[in-house]
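The values are calculated or read from the model by the stated rules, or taken from the named source; none is laboratory data. Given the structure is predicted, the values throughout are model-derived calculations rather than measurements. Cβ coordinates were reconstructed from backbone atoms using ideal geometry, including for glycine residues, and neighbour counts include every protein chain displayed. SASA here: full protein model, heavy atoms, side chains in, ligands and nucleic acids out. Shrake-Rupley method; radii C 1.70, N 1.55, O 1.52, S 1.80 Å.
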Amino acid sequence: MNWVLILVVYWNGNVMTTGDGVFETMTECFFAREQLSYEVGGSEGYFPNNMQAICISNDTTAGIPTFPM
């Protein structure tokens, strides 16, 4: 299993998402999420209005599609 960082943006009535990295551990993903909060104008894991980022576990053994990065 690995962890995928997803940035979610709500803009003009549209939801946009983008993958922002694949990580071996949840802790690595959370650290990257906090860094991303600074990069988009937030701080300490808090995101500006209309933005959020989430870490999602990705089961690479279940035969389901995995996130291509």
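Details
- Looking across the stretch 7-19, the residues that are surrounded by fewer than 18 Cβ atoms within 10 Å (Cβ to Cβ) and within 10 Å of the chain's Cα centre (by Cα) come down to Val8, Thr17, Thr18, Gly19.
- When the stretch 1-40 is filtered for residues that are in a loop (DSSP other than H, G, I, E, B), touching a strand residue (DSSP E or B) at 6+ places or on another chain (Cβ under 8 Å) and farther than 28 Å from Thr61 by Cα, only Val40 remains.
- Residues located in the stretch 27-69, provided they are of a type in the set (Gly, Ala, Ser) and modelled with pLDDT under 95: Ser43, Gly45, Ser57, Ala62, Gly63
Residues are listed down the side, and each one gets a yes or a no for (1) among the polar types (S, T, N, Q); (2) touching a Leu at 6+ places or on another chain (Cβ under 8 Å); (3) at positive phi; (4) open to solvent by 60 Å² or more (accessible area, probe 1.4 Å):
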{"site": "Phe23", "(1), (2), (3), (4)": "no, yes, no, no"}
{"site": "Thr27", "(1), (2), (3), (4)": "yes, no, no, yes"}
{"site": "Phe31", "(1), (2), (3), (4)": "no, no, no, yes"}
{"site": "Asn58", "(1), (2), (3), (4)": "yes, no, no, no"}
